[in-house]
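The values are calculated or read from the model by the stated rules, or taken from the named source; none is laboratory data. What you see is a predicted model, and the numbers here were worked out from it, not measured in a lab. Backbone-built Cβ (ideal geometry, glycine too); neighbour counts: all protein chains shown.
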Amino acid sequence: MNGNVIAMMEGEQSSIEVIEYPSLNLSRRPDLAAIAYYAQQMGVRLRQLKITLSGGGASIEPGMLQFSHGSITTNTTAGGAWGFLKRYVQKRFNNESIFRTTFQGSGVIYTEPTFDHYLLARIAPGEEAIVDDGRYVASEIGVDNGLAFKKSLSSLLLSKDEVVRTRITGKGWCVVQSPIAASDVLRVELNDEELRVDGDIVLFRKGRLVQQVSGATNGAGGLVTSGEGLVNVFRGTGQVWLAPAEHGYEQLIDLLQKAGMPYGPRTTAKPRQRRTLEELMS
């Protein structure tokens, strides 16, 4: 089963590739042929990450490693006492692991195949990225991930999002998990501008942006009569990555469940669990 590279990003001494497998082979389970067929027709694909090191390093979430080869040293650490505390808070609020698995040297690393979608992003020096819903997956050495607390009182009191998120700083590439395909993600560029978002469709943002929560329309009367309620407002210069089709997919899943289709209850993206097909193909 040969995979295709659907996305790639170069680092200083490393590169990251997203490999997608075009077919699902469940030939050893004839009783599941119908499930595999319809999954194939719906575009369900296995994907995994390939990290190539050329004297550099990378970090991934523990448990994601499938195999590696080459002259690579591996270390699992929380980054000392302060690092352990940071990771503990991240695990408490964002369902991320306390530890990070770090690889350094020359060789190739493959992660476990999943049905997740992956987004590749490049962090520039002096730039800050915020990852929502514990979606951090991997990053190049030189990229640090820490804690991001809500800074404005309005976002702290009124927003339903997490109080603590993952802040990514440094220089290099990083990988975040996405509930939808990368081709369906809308990347909005802001140049000292304002973006208003109704709903939890923000996957990732980077640059010099400030988030607040305010009414969709000006004035208290508009808040009551417009029916739009409160929205997240992003101001500044940078990028905001949106998943506008996500709610449509959720509605489709709800309709299929009501129609009696054999799907489990809809869950959030955290923490992700191995799906049935992944278990069968492992």
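I'm checking my understanding of the structure. Among residues of segment 41-69 that are outside any strand (DSSP E or B) and aliphatic (A, V, I, L, M), which one is nearest to Pro22 (Cα to Cα)? Write out each step before concluding.
Restricting attention to segment 41-69, the residues satisfying the condition of being outside any strand (DSSP E or B) are 41-45, 61-64.
Now drop any that are not aliphatic (A, V, I, L, M), which leaves 42, 44, 64.
Numbers: Met42: 12, Val44: 9, Met64: 21 Å.
By that ranking, first place goes to Val44.
Would you pick out the residues in segment 75-120 that are modelled with pLDDT of 90 or more, of a type in the set (Phe, Trp, Tyr) and not in a strand (DSSP E or B)?
First pass over segment 75-120, keeping only residues modelled with pLDDT of 90 or more: 102-120.
Next, from what is left, pick out any that are of a type in the set (Phe, Trp, Tyr): 103, 110, 115, 118.
If the condition is that a residue be modelled with pLDDT of 90 or more, of a type in the set (Phe, Trp, Tyr) and not in a strand (DSSP E or B), then Phe115 is the only one that fits.
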request  = Go through segment 11-32 and give me each residue that's surrounded by fewer than 16 Cβ atoms within 10 Å (Cβ to Cβ), in contact with a strand residue (DSSP E or B) (Cβ under 8 Å, 6 or more places away or on another chain) and in contact (Cβ under 8 Å) with a residue 40 or more places away in the chain.
outcome  = Glu12
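Give the number of residues within segment 220-269 that are at positive phi, modelled with pLDDT of 55 or more and either not small (Gly, Ala, Ser) or not in a strand (DSSP E or B) (or both). Explain how you work it out, then say what you get.
Residues of segment 220-269 that are at positive phi, as a first pass: 227, 229, 236, 238, 260.
Next cut, modelled with pLDDT of 55 or more only: 229, 236, 238, 260.
Subsequent filtering for residues that are either not small (Gly, Ala, Ser) or not in a strand (DSSP E or B) (or both) retains 229, 260.
So the count comes out to 2.
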query = Which residues, counting only those in segment 24-69, are modelled with pLDDT under 90, hydroxyl-bearing (Ser, Thr, Tyr) and under 23 Å from the mean Cα position of the chain (by Cα)?
reply = none
inquiry  = For Arg165, only one of the following conditions fails: (1) within 25 Å of Ile60 (Cβ to Cβ); (2) surrounded by 15 or more Cβ atoms within 10 Å (Cβ to Cβ); (3) at pLDDT 90 or above; (4) not small (Gly, Ala, Ser). What is its number?
reply    = (3)
task = Could you figure out which of (1) under 19 Å from Pro62 (Cα atoms); (2) in contact with a Gly (Cβ under 6 Å, 6 or more places away or on another chain) isn't true of Ser106?
result = (1)
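Could we say that Ile72 is modelled with pLDDT under 90 and either of a type in the set (D, E, K, R) or surrounded by fewer than 18 Cβ atoms within 10 Å (Cβ to Cβ) (or both) here?
On the way: modelled with pLDDT under 90: no; either of a type in the set (D, E, K, R) or surrounded by fewer than 18 Cβ atoms within 10 Å (Cβ to Cβ) (or both): yes.
Spelling it out, it is not the case that Ile72 is modelled with pLDDT under 90 and either of a type in the set (D, E, K, R) or surrounded by fewer than 18 Cβ atoms within 10 Å (Cβ to Cβ) (or both).
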